[in-house]
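The values are calculated or read from the model by the stated rules, or taken from the named source; none is laboratory data. It should be emphasised that the depicted structure is a prediction, and the values quoted were computed from it without experimental measurement. Virtual Cβ from ideal backbone geometry, glycine too; neighbours counted across all protein chains shown. For the accessible areas, the whole protein counts, side chains as well, though only heavy atoms, and no ligand, DNA or RNA atoms are used. Shrake-Rupley method; radii C 1.70, N 1.55, O 1.52, S 1.80 Å.
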Amino acid sequence: MAYAASIASKELLPDKIINSIDLYLSGNIIKNALGVGIPGTGQVGLNIAAALGAVIAKPEKKLEILQGFDAQQLKQAESLLKEIKIEQKERKEKLYIEVVISGANHKVKVVIAQTHTNVIYIEKDGRALFEKSCDDKDEMGVNRTGLTVENIYRFIETVPFEKISFVLDCVEMNRKVSKEGLKGQYGLKVGNKVNQENSQMFVDPVTLQILSATCAASDARMDGCPLPIMTTAGSGNQGIACSMPVIKMAEIMKVNDDKLARALALSNLMVIHIKEFMGRLSPLCGAAIAGGTGACCAMTYLQGGNLNQINCAIRNMVASLSGMICDGAKKTCALKIATGTNAALLSSTLALNNISATSQDGIIFDDVEDTVHNIEKLVKEGLKQTDQTILSIMLNKKEGGIQHETSC
C-alpha cells in the first residue's frame, strides 16, 4: 500500500498538498494489514502505511519504502490520517490495492494486483499513463511451477553449491531480527519469554533455542522492527518460519555452509510448492503450515533424513496444522509460528523414525503430492467464506461492535 501511495504521490507533482487519499482494497489485503506494526511509527495498519508512502514518495524503493524516513515525514504523514478513506472492493484477485490521491489540481490512481509489486495501472486526471493486463495466473493467484517434493529433493541433492549459495544471505539478515526480538521489547515477547529459565522445565534445550530464535524474529517483525527480513513466497513471516528453525538447528549441529544452503533451499522451495495450492493470500496460515512444513523438511534433511522420511514429515505436518486459519498479520503471528515450529520438530522426529500419517487419517493420502493438493481443495471448496467471516469479525471489533475487557 505504501508503495502504491508513493507512486501516486510522485505522479501528483507539481501539487505539493495532498487533499485526500482513498484506498480501495480486496478483503484479503484489509484482513492482512489491519494489525501489522509499521516500522518506526509505534502504529499499526492501513492508514499510516498509506500516509507514509504518500509523504516519502520514493517508489524506486519498492517494498523498502518505509525504511529510513525521518521525524518530520512521520509528523506530515500523521497529519494526513484524517484525510484517508478505506473501502473494500470486490475483485477476483485476492491481492488488490487501488490508491487514489487528490491534490489541489490533480488526481492520480495507482493499481497493484496479484503480487505485491505488480503495478498494472497508473492514471492521472483521467488519462492512463501506464496499463498492463494481469499475469496469466490461476484463481489461487499463483503461477504453477511444476515443482514436486521429489524433484525439489533431487535438485538440492545435486545442484552445485555456488548456484544456491545466495540463500545464505538470509542467515545474517534474519538472525539480526531474531536477536532484536530476543531483547523482549516487541509484541507478545514470545521468543523472549520462551527463552527464560522458568520455561526450561517444559521444553528440552534444543527445542527451546529453536523456538525462541524463531518466535523472536516474528515478534520483532510484527511489532514494527525497522530491520529488513528475507521473505519467501511474498511473506516475511513465511521467510522467518522456514528459515530460522533451520538456521538455529544448523548452528547447534555445527553443519557447514554447503549443507545449510541445501537445507534452506529445500525449505524455501517447499514453501513455494505448498503456496501454489494454498494461494498467495489464503484463509489458512501460510507461516505455520507452509513455513513450518518447509522447516520440518529441512530439519529432517539436516539430521540425515532421506526422501521417504521427508515425505513422512510433510504428511505429519498437514495432519497437524491443516486447519489453522489466517486472521491477518499481527503480533500473535509469533504464537502461530511457535505452534508450527513445535509441530515441525515433532513431525520431523516421527519422520526420522519412519512414522507417518497415512491415507487412513483424515485428509492425508499416501502419495505426498496428493496430500499437498488436498490443501487446494480445502481452500477452494471448504473455506470459501472463511476469509470474509474473519474480516467481518475483525471489522466489527475495530468499529466497537465487540466490547470485552481483558485482564491477565
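If a residue has to be at pLDDT below 90, among the β-branched types (V, I, T) and either closer than 14 Å to G35 by Cβ or open to solvent by 100 Å² or more (accessible area, probe 1.4 Å) (or both) to count, how many in segment 385-408 make the cut?
Selection size over segment 385-408: 1.
Provide a single number: the residues in segment 260-309 that are under 18 Å from M249 (Cα atoms), β-branched (V, I, T) and under 12 Å from the mean Cα position of the chain (by Cα).
Total meeting the criteria: 0.
If you take the residues in segment 48-105 that are assigned to a helix (DSSP H, G or I) and charged (D, E, K, R), which one is modelled with the lowest pLDDT?
Going residue by residue through segment 48-105, those that are assigned to a helix (DSSP H, G or I) are 48-56, 59-64, 71-83.
Cutting the leftovers down to charged (D, E, K, R) gives us 60-62, 64, 75, 78, 82-83.
Numbers: E60: 95, K61: 94, K62: 93, E64: 90, K75: 96, E78: 96, K82: 94, E83: 94.
Ranking the qualifying residues of segment 48-105, first place goes to E64.
So which residues in segment 270-309 are surrounded by fewer than 24 Cβ atoms within 10 Å (Cβ to Cβ) and closer than 23 Å to N256 by Cα?
Correct list: L302, Q303, G304, G305, N306, L307, Q309.
Do we find that V206 is assigned to a helix (DSSP H, G or I) and open to solvent by 20 Å² or more (accessible area, probe 1.4 Å) in this structure? Write out each step before concluding.
Details: assigned to a helix (DSSP H, G or I): yes; open to solvent by 20 Å² or more (accessible area, probe 1.4 Å): yes.
So V206 passes the test.
Can you tell which of K10, K16 is over 21 Å from A329 (Cβ atoms), in a loop (DSSP other than H, G, I, E, B) and not small (G, A, S)?
On the way: K10 fails: in a loop (DSSP other than H, G, I, E, B).
Testing whether each residue is over 21 Å from A329 (Cβ atoms), in a loop (DSSP other than H, G, I, E, B) and not small (G, A, S) leaves just K16.
So E139 passes all but one of these: (1) modelled with pLDDT under 90; (2) open to solvent by less than 20 Å² (accessible area, probe 1.4 Å). Which condition number does it fail?
Condition not satisfied by E139: (2).
Looking at segment 324-349, which of its residues are out of contact with any strand residue (DSSP E or B) (no Cβ under 8 Å at 6 or more places or on another chain) and open to solvent by 60 Å² or more (accessible area, probe 1.4 Å)?
So the first thing to find is which residues in segment 324-349 are out of contact with any strand residue (DSSP E or B) (no Cβ under 8 Å at 6 or more places or on another chain), and the list is 327-329, 332-349.
Within segment 324-349, L335, T339, N342, L346, T349 qualify.
Can you name the residue in segment 350-373 that is in contact (Cβ under 8 Å) with a residue 60 or more places away in the chain and surrounded by fewer than 18 Cβ atoms within 10 Å (Cβ to Cβ) and, of all such residues, is nearest to N316 (Cα to Cα)?
First, the residues of segment 350-373 that are in contact (Cβ under 8 Å) with a residue 60 or more places away in the chain: 368-369, 372-373.
If we keep only those that are surrounded by fewer than 18 Cβ atoms within 10 Å (Cβ to Cβ) too, we end up with 369, 373.
Working: E369: 13, H373: 15 Å.
Once the filter is applied, the top-ranked residue is E369.
Just for segment 14-40: of the residues that are open to solvent by 20 Å² or more (accessible area, probe 1.4 Å) and polar (S, T, N, Q), which one is nearest to E93 (Cα to Cα)?
So, considering only residues that are open to solvent by 20 Å² or more (accessible area, probe 1.4 Å) and polar (S, T, N, Q), the one nearest to E93 (Cα to Cα) is N32.
Being closer than 29 Å to C326 by Cβ and touching a helix residue (DSSP H, G or I) at 6+ places or on another chain (Cβ under 9 Å) is true for just one of G103, G45, G68. Which residue is that?
Values: G103 fails: closer than 29 Å to C326 by Cβ; G68 fails: closer than 29 Å to C326 by Cβ.
Only one candidate passes the filter, namely G45.
Answer with yes or no whether G146 is open to solvent by less than 70 Å² (accessible area, probe 1.4 Å), at pLDDT below 95 and in contact with a Gly (Cβ under 9 Å, 6 or more places away or on another chain).
Details: open to solvent by less than 70 Å² (accessible area, probe 1.4 Å): yes; at pLDDT below 95: yes; in contact with a Gly (Cβ under 9 Å, 6 or more places away or on another chain): no.
No; evaluated as a whole, the condition is false for this residue.
Could you check segment 108-134 and list, in sequence order, the residues that are open to solvent by 70 Å² or more (accessible area, probe 1.4 Å) and in a loop (DSSP other than H, G, I, E, B)?
If the condition is that a residue be open to solvent by 70 Å² or more (accessible area, probe 1.4 Å) and in a loop (DSSP other than H, G, I, E, B), then D125, K132, S133 are the ones that fit.
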